[in-house]
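Below is one structure, written out as structure tokens, with a few remarks after it.
Please treat every number below as a calculation from the coordinates, not as lab data. Note that the structure is a prediction, hence the values are computed from the model and not measured. Ideal geometry is used to build each Cβ from the backbone, glycine not excepted, and the neighbour counts take in all protein chains shown.
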């Protein structure tokens, strides 16, 4: 499916389970959106406290570290509007409460496009299908439909908080096994890597880290027919009809 042209998009909301998820899966694409003047906001569902490898860092300290790292990574793309929902890392499930929290952010941001994780397990890349990713994807797509545009869904959001219903034009699903669209990120790969390096607690210890990320982008590029080692990120486009 062909996406809506970026020239028709003013605001984008990215919903992911953990700090760093969006930078791994779509950092090169987000860099291009913000360069075009599109306002991008993030909604991070968990606090990321199960991340890292240093046993001397307490889980409360890790929460603060990961919030700071995602904030710093966002600055590299020019993203400053970040909503941290602070659910417990590793325990995320697509509850009604999580849906409501995402709907609240949608109605505040009023995005034309959303970028979300896949609620379907990717058997080719198991790392893409952390249970929290699946839960965040499921809750986000339910928030898009039927909740965000329905004035009778979570009525207190309208009655008490004054948040008007909002319809999203389309959703992009990252890391989907059933992708039907790609973005050539060759020219924004360095910015993607800079954002990933900002997540030092998660990436600093990984040997050959940049080579690994580049190999993923190259494999995506080859799969969609790009040549000369060009890099890509892939997505499934879902129209809101």
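Between 183, 206, 103, the GNM of the chain built on Cα springs shorter than 10 angstrom shows 206 fluctuating the most.
With all pairs of separate Cα atoms included, the stretch 100-224 yields a Kirkwood hydrodynamic radius of 16.8 Å. Springs join every pair of Cα atoms under 10 Å in this Gaussian network model of the chain, and among 51, 225, 137 the largest mean-square fluctuation is at 225. Applying 1/(1 + (r/R0)^6) with R0 = 35 Å to the Cβ-Cβ distance of residue 207 and residue 11 gives a FRET efficiency near 0.35.
Equivalent ellipsoid of the stretch 6-239: semi-axes from √(5λ) of the C-alpha gyration tensor, largest first, are 27, 22, 16 Å. Take every DSSP beta bridge whose two residues both sit in the chain; close to 30 percent of them are antiparallel.
The alpha carbon convex hull volume per residue for the stretch 76-168 rounds to 120 Å³. Under the simplified labelling scheme, the residue 61-residue 159 pair shows an inter-label distance of 4.7 nm, with each label point 7 Å from Cα along Cα→Cβ.
The value of relative contact order for the chain, using C-alpha pairs under 8 Å at least six residues apart, is 25 percent. Largest GNM mean-square fluctuation among 133, 18, 83, using the chain with Cα springs under 10 Å: 83.
Each peptide in 62-68, 112-118, 190-196 gets a packing score, the mean of other Cβ atoms within 10 Å over its residues, and the list from highest to lowest is 112-118, 190-196, 62-68. Taking only the C-alpha atoms of the stretch 1-131, Rg followed by Dmax gives 15.1, 48 Å. Taking 8 Å as the Cα distance limit and 6 or more residues as the minimum spacing, I'd like the relative contact order of the stretch 30-105 as a percentage. Across the stretch 30-105, relative contact order equals 43 percent.
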